[in-house]
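What follows draws every value from the coordinates through simple rules; no lab data is involved. As the structure is a prediction and not an experimental result, all values here were calculated from the model. Cβ: placed from backbone, ideal geometry, glycine included. Neighbour counts: every protein chain shown.
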Amino acid sequence: MISVNQAQRIVLKYAKPRHPRKMSLGDVLGLVLAKDISAATELPSFTNSAMDGYALRSSDTKSASTGFPISFRIAEYLPAGKIPTKKITAGTCAQIMTGALLPQGADAVIPIEETEKKRDRMKIRMPVPCGANIRYRGEDVKRGKILAKGTVIRPQEMALLAALGCDRISVCSRPTVAILSTGNELISHSERPSIGKVRDSNSWVLEALLRTEGVCPKRLGIAKDSRQDLRKKIREGLRSDILLVAGGVSVGTHDLVKSVFEELGIQQLFWKVKMKPGKPVFVGSKGKTLVFGLPGNPASGFVAFEIFVRPAIRGMAGRSDIFPVYHTAVAVHPLKHRKGKVDFLRGIVTKSKGGFLVRSAGRQGSHCFKSLCQANALIRLPENISRAVRGDKVDVLLLWGGSL
């Protein structure tokens, strides 16, 4: 049995980014840039108005005041997209909309609400400084490197890529993932269970967790506890970058998965980790495929996914934020823990004036659904302590979708 940290280091070693590929702009949200992006043009690409107002020469406004307004002739109307045809000269201005190209001769824009208009003339009662309300060409983005390799493409990066005219982007593609549930007791979630049968929930929670990373997995269905069925479905799963097998990795008579892994040439990287829940997790590899044998109990599989599978997906996708980020919270009541292994308790984190508070979400059995649904965090208790008392600071991992 190895420690959580040792197991995570092994996962990281094998979860290398896949070959980059070029994808269209509409498909790259959440992916990682495989190459630097350089701007071939400047942004803004032309000098334009930052306001709806009037473009004029600032030197013509120096003597304007409340008592001595200055009047200008409106030479032209400039909506966004129109090319100016008039040069701004002494005593003239152009009515201009936000984003419109600044006309020649103008060096300032006065907002429309600070002016008075009557027919083809505009009056101001204050001086306008040079450069007022103007967006200069290239003031935001210069030519050259603008986004570095390794950047995660968020909506705001997509806006920049579109503004720069980037259509095909070199990215690290997400890994392909297959899911297989195992066990004679399992039936489809849509079936009515007879005595001794259990609806398959593992494949659904795993698919949902994968989708939070932008992965749409291949579902391999349910494999019965027979070597023939397991071999067939596991072989199919080995075509993916990651194979998740839920159940059958413990030491029971019918837990055949691990021995079938061996038959198929899957190299064991580790089996059993000093953690609770999730102790019997298996990780192996064959060729390009990383194989996870996850415990069949819902809480165990969930925790194993967060601690090992999610980091593997992120590593293969080229991300730098691979491992969970923990926050500090204060325990509001004692938290029991068995010394010698890392305990991941389902917890409920709330905000307080001084930071975060955390309490248990309820029963911590690895089979329990209710506390898993109520939790918005996992409380990590290290292996060198036996309990946390009220007021102790503990590490918490905030779960996807949890609200504070």
From the phi angles alone, apply the Karplus equation (6.51, -1.76, 1.60; θ = phi - 60°) to region 36-47 and give each ³J(HN,Hα) in whole Hz, x where the residue is Gly or Pro.
4, 9, 10, 7, 7, 9, 8, 10, x, 7, 8, 6
Taking neighbour Cβ counts within 10 Å as the exposure measure, how do 38, 201 sort from fewest upward?
38, 201
Cβ-based net charge around residue 167, under 15 Å, with every Lys or Arg adding one and every Asp or Glu removing one
+2
If amide H atoms are built 1.01 Å from N in the plane of the peptide, which residues on other chains or at least 5 residues away come under 5 Å of the amide H of residue 399?
377, 378
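Could you list 49, 360 so that the one with the fewest beta carbons within 10 Å of its beta carbon is first and the one with the most is last? Mind showing how you got there, number by number?
Numbers: 49 26, 360 20.
The fewest-first ordering by Cβ neighbours comes to 360, 49.
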Pick from 173, 366, 386: which residue has the top mean-square fluctuation in a GNM of the chain where Cα pairs under 10 Å get a spring?
386
Give the order of 288, 276, 351, 393 when sorted by the count of other beta carbons within 10 angstrom, beginning with the fewest.
351, 393, 288, 276
Kindly provide the pair-distance distribution of region 203-347 built from C-alpha pairs, with 5 Å bins from 0 and whole-percent values in order of increasing distance.
2, 9, 18, 22, 21, 13, 8, 5, 2, 1, 0
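Once you sort the root eigenvalues of the Cα gyration tensor of region 224-286 as a ≥ b ≥ c, which label holds: rounded (a/c under 1.5), prolate (a/b larger than b/c) or oblate (the other case)? The partial results should precede the final answer.
Working: a/c = 1.89, a/b = 1.28, b/c = 1.48.
Cα axes put region 224-286 in the oblate bin.
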If you average 1/r over all unlike Cα pairs in region 48-135 and invert the result, what Kirkwood radius do you get in angstrom?
12.3 Å
Distance check, please: which entries in 233/341; 218/341; 218/286; 149/274 exceed 30 angstrom between their Cα atoms?
233/341; 218/341; 149/274
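Filter the GluC sites (Glu not before Pro) in region 111-204 down to the DSSP loop ones having no more than 13 other Cβ atoms within 10 Å, then list what survives. Don't jump to the answer; show the numbers that get you there.
On the way: sites: 113, 114, 116, 139, 157, 185, 191; in loops: 139, 185, 191.
Listed in order of number, the matching sites are 139, 191.
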If you take every residue apart from residue 5 with its C-beta less than 14 Å away from the C-beta of residue 5, what net charge results, scoring Lys and Arg +1 and Asp and Glu -1?
+3
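List, in the order given, every pair from 339/370; 16/279; 62/87; 279/339; 336/393 whose Cα-Cα distance in the structure shown is over 18 Å.
Numbers: 339/370 25 Å; 16/279 25 Å; 62/87 20 Å; 279/339 14 Å; 336/393 14 Å.
Going by Cα-Cα distance, 339/370; 16/279; 62/87 fall outside the 18 Å limit.
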By how many degrees, between 0 and 90 and to the nearest 10, does the Cα long axis of helix 4-14 differ from the longest principal axis of the chain?
70 degrees
Just how far, in whole angstrom, is region 342-404 from region 258-336 if you go by their alpha carbon centroids?
19 Å
Please work out the C-alpha center-to-center distance from region 165-203 to region 12-27 and express it in whole Å.
22 Å
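Using the Cα gyration tensor of region 150-252, with a ≥ b ≥ c the square roots of its eigenvalues, what is the shape: rounded (a/c below 1.5), prolate (a/b larger than b/c) or oblate (neither)? The partial results should precede the final answer.
Working: a/c = 3.82, a/b = 2.42, b/c = 1.58.
It comes out prolate by the Cα gyration axes.
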Which one, 56, 102, 71, projects farthest toward the positive side of the charge dipole computed for region 48-135 from Cβ point charges (K/R +1, D/E -1)?
71
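How high is the relative contact order of region 177-281? Use alpha-carbon pairs under 8 Å, at least six apart in sequence, and give a whole percent. Mind dumping the intermediate values first?
On the way: 144 pairs, mean separation 31.7, N = 105.
Relative contact order for region 177-281 comes out at 30 percent.
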Highest GNM mean-square fluctuation, the chain, Cα pairs closer than 10 Å: which of 378, 186, 243?
186
With θ set to phi - 60°, apply the Karplus curve 6.51 cos²θ - 1.76 cosθ + 1.60 along region 162-173 and write out the HN-Hα couplings as whole Hz, x wherever there is a Gly or Pro.
5, 5, 8, x, 7, 10, 10, 10, 7, 10, 7, 6
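Restrict the search to region 281-385; then list the chymotrypsin sites (Phe, Trp or Tyr not before Pro) that DSSP places in a loop and that have at most 15 other Cβ atoms within 10 Å of their Cβ.
Numbers: sites: 282, 292, 302, 305, 308, 326, 344, 356, 369; in loops: 326, 369.
Passing sites in region 281-385 are 326, 369.
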Helix 227-237: angle to the longest alpha-carbon principal axis of the chain, degrees 0 to 90, nearest 10?
20 degrees
Using alpha carbons only, how many degrees (0 to 90, rounded to 10) separate the axis of helix 202-211 from the longest principal axis of the chain?
20 degrees
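Pull out a ≥ b ≥ c, the square roots of the eigenvalues of the alpha-carbon gyration tensor of region 327-398, then state rounded if a/c is under 1.5, prolate if not and a/b is larger than b/c, and oblate in the remaining case.
Details: a/c = 1.85, a/b = 1.09, b/c = 1.70.
In terms of gyration-tensor shape, oblate.
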Just one of (i) 1.44; (ii) 1.03; (iii) 0.98 is Cα Rg over 2.2 N^0.38 Å calculated from these coordinates, so which is it?
(i)
